[in-house]
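Structure first, commentary second.
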Amino acid sequence: MSDTTDQIIEDDPIEVRRAKRAALIAAGKNPYGHAFEYTHHLTDFVQQYADLEDGASTEDEVDVAGRVMAKRDQGKLAFLELRDSTGDIQLFCRINVLGEDAFAELKDLDVGDWIGVHGTMMRTKRGQLSVAVQSFELLSKSLRPLPEKFHGLADKETRYRQRYVDLVMNPEVKETFEKRFKIVAAIRRYMEDQGFYEVETPFLHPILGGANAKPFVTHFNALDRDYYLRIATELPLKRLLVGGFEKVFEIGRQFRNEGMDPFHNPEFTTMEAYQAFSDLNGMMELTQGYIQAAAMAACGTMQVTYQGQEIDLSGDWPRKSMIELATEGAGEPVNFDRTLEELVAILEKNGGHADAAWGKGKLIAEIFEAVAEEKLIQPTFVIDHPLEVSPLAKKKADDENLTERFELFICGHEYANAFGELNDPVDQAERFKAQVAAKDLGDDEAMGYDDDYVRALEYGMPPAGGVGVGIDRLVMLLSDAPSIRDVLLFPHMRDEAK
């Protein structure tokens with residue numbers, strides 16, 4: 001190569017690594033290796049060799065594999081830091097053990113390369129547990145350098161966009177996602193232990209239903225019609241109760257074509273569960289149970305801290321009515337005895353704005369949101385929601401303005417939503433009609449009329465309780481993450497600037 005080319009390559013670390021890759025291939029060596037059978041994970045050694053004295057060597061042979069995270073050359077010695085999925089260990093490399101050619105190849109490795117190593121266990125005179133390397137092989141050549149060690153990967157946008165690098169450079173991020181996996185597994189175990197079957201229902205729905213939300217729309221070519229990505233799993237799951245299943249749940253993605261903020265993402269994960277012959281009380285017990293199980297699995301305690309707030313998840317959680325909380329927060333009566341104009345005035349006095357299409361029930365719910373929601377720090381079941389904002393919930397026996405529904409609030413945010421499920425097909429049909437009327441008046445989040453779901457109810461659905469919990473928010477709570485993007489492995493991002 002010319003001096004000019006040498007200079008260009010030396011100024012560009014990616015080109016330096018590409019040149020190394022090309023040289024390996026030219027020498028007949030594969031820079032992207034094959035399967036490697038390791039004998040241990042790196043953290044296995046910490047306890048196994050806890051009593052090994054400083055400066056001591058063993059004849060215990062091991063095979064380990066991982067990514068090179070650091071390297072230090074000291075003439076005839078070289079020290080590498082190797083990381084696998086469990087932790088790090090030092091590699092102690094000597095020219096007189098490896099031989100000159102292999103030692104030269106080792107020194108030519110780059111931080112970020114994946115290698116497999118055969119060696120023996122030892123502890124250096126300075127007390128560093130190490131693998132004394134007898135041989136190694138390159139498993140994957142890294143063509144891009146990792147971010148500089150001391151500054152790491154700090155920019156949030158880059159971290160979200162390149163999560164694969166974020167996981168390498170920021171160990172606490174990996175811990176957050178390990179907690180997420182434990183939370184989901186704990187909820188699944190808890191539900192199965194309670195006798196629930198895990199089921200799968202369609203992502204593509206012909207009719208918008210199960211929640212009030214703006215949908216993503218796609219076209220189903222084979223049927224030549226538009227479909228919606230699901231906004232909830234509720235209606236298909238309740239059809240299964242009609243069919244005779246008693247306890248069903250689903251953990252899965254939902255899609256709502258709405259804004260993004262620290263607590264909302266258009267693509268998110270929920271767990272929805274339905275239990276025949278149960279009610280709101282059964283759903284509160286169930287919800288408390290699976291959240292407490294998740295907390296123990298992820299944190300080992302029910303006393304957690306979220307963004308500086310101490311949260312106690314133990315014991316039985318209080319139950320308070322929405323009207324009670326709205327009245328307390330507004331400092332004056334908030335109920336159905338007030339006129340529409342009075343409720344509008346209360347809402348606007350507290351910073352809200354009323355739409356012309358809203359009735360008293362929607363106004364009460366909005367007042368609650370404005371004056372009470374953010375004050376609910378400790379786990380609280382908010383019960384007795386207005387009928388107008390609960391089109392799928394059973395009416396309360398003693399007040400037809402209200403429904404058998406709760407929302408669970410922690411730290412001022414909703415974590416779960418549950419109903420005493422409506423199983424009267426005539427009542428359900430009327431509520432669907434009201435939703436269609438609301439859509440005609442301009443509410444683009446209102447549900448459609450689902451003929452088949454009404455037909456299913458006409459065959460008879462037993463009394464039932466149902467609940468949905470936001471998995472992402474629960475992970476945020478239990479990992480003390482300030483943004484939902486911190487608990488999504490691959491959050492959606494705007495296109496990169498070219």
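Some values worked out for this structure:
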| quantity | calculated |
| --- | --- |
| Residue ranges of helices (runs of 4 or more DSSP H) in the range 131-246 with at least 1 members touching a Leu at 6+ places or on another chain (Cβ under 9 Å), among the hydrophobic types (A, V, I, L, M, F, W, C) and buried (at least 18 other Cβ atoms within 10 Å of the Cβ) | 163-169, 171-193, 234-242 |
| Cross-chain or 6+ apart pairs with Cβ under 7 Å, the range 21-45 first and closer than 13 Å to GLU105 by Cβ, then at pLDDT below 95 | none |
| Residues satisfying the stated conditions in the range 46-86, i.e. under 19 Å from LEU98 (Cβ atoms) and β-branched (Val, Ile, Thr) | THR58, VAL62, VAL64, VAL68 |
| Considering residues of the range 362-398 that are assigned to a helix (DSSP H, G or I) and basic (Lys, Arg) only, the residue surrounded by the fewest Cβ atoms within 10 Å (Cβ to Cβ) | LYS375 |
| Total residues in the range 279-303, condition over 22 Å from ALA372 (Cβ atoms) and part of a helix (DSSP H, G or I) | 14 |
| Total residues in the range 217-274, condition more than 16 Å from the chain's Cα centre (by Cα), of a type in the set (A, V, I, L, M) and within 21 Å of ILE484 (Cα to Cα) | 3 |
| Residue in the range 261-274 that is under 22 Å from CYS411 (Cβ atoms), in a loop (DSSP other than H, G, I, E, B), modelled with pLDDT under 95 and out of contact with any Asp or Glu (no Cβ under 8 Å at 6 or more places or on another chain) present | yes |
| Of all residues making up the range 304-331, the number that are free of Cβ contacts under 8 Å to residues at least 60 places away in the same chain, assigned to a loop (DSSP other than H, G, I, E, B) and surrounded by 12 or more Cβ atoms within 10 Å (Cβ to Cβ) | 1 |
| Out of LEU343, LEU408, sole residue that is outside any helix (DSSP H, G or I), touching a residue at least 24 places away in the same chain (Cβ under 8 Å) and open to solvent by less than 30 Å² (accessible area, probe 1.4 Å) | LEU408 |
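Let's see how each residue does on (1) open to solvent by 70 Å² or more (accessible area, probe 1.4 Å); (2) farther than 22 Å from PHE249 by Cα; (3) touching a residue at least 40 places away in the same chain (Cβ under 8 Å):
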residue: VAL454; (1), (2), (3): no, no, no
residue: GLU458; (1), (2), (3): yes, yes, no
residue: MET461; (1), (2), (3): no, no, yes
residue: ARG473; (1), (2), (3): no, no, yes
residue: ASP486; (1), (2), (3): no, yes, yes
residue: HIS492; (1), (2), (3): yes, yes, yes
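The values are calculated or read from the model by the stated rules, or taken from the named source; none is laboratory data. Because the structure is a prediction, the values reported are computed rather than measured. Quick reminder, even Gly has a Cβ in these numbers, built from the backbone with ideal geometry, and neighbours come from all protein chains shown. The accessibility values were calculated without ligands, DNA or RNA, using every heavy atom of the protein model including side chains. Shrake-Rupley method; radii C 1.70, N 1.55, O 1.52, S 1.80 Å.
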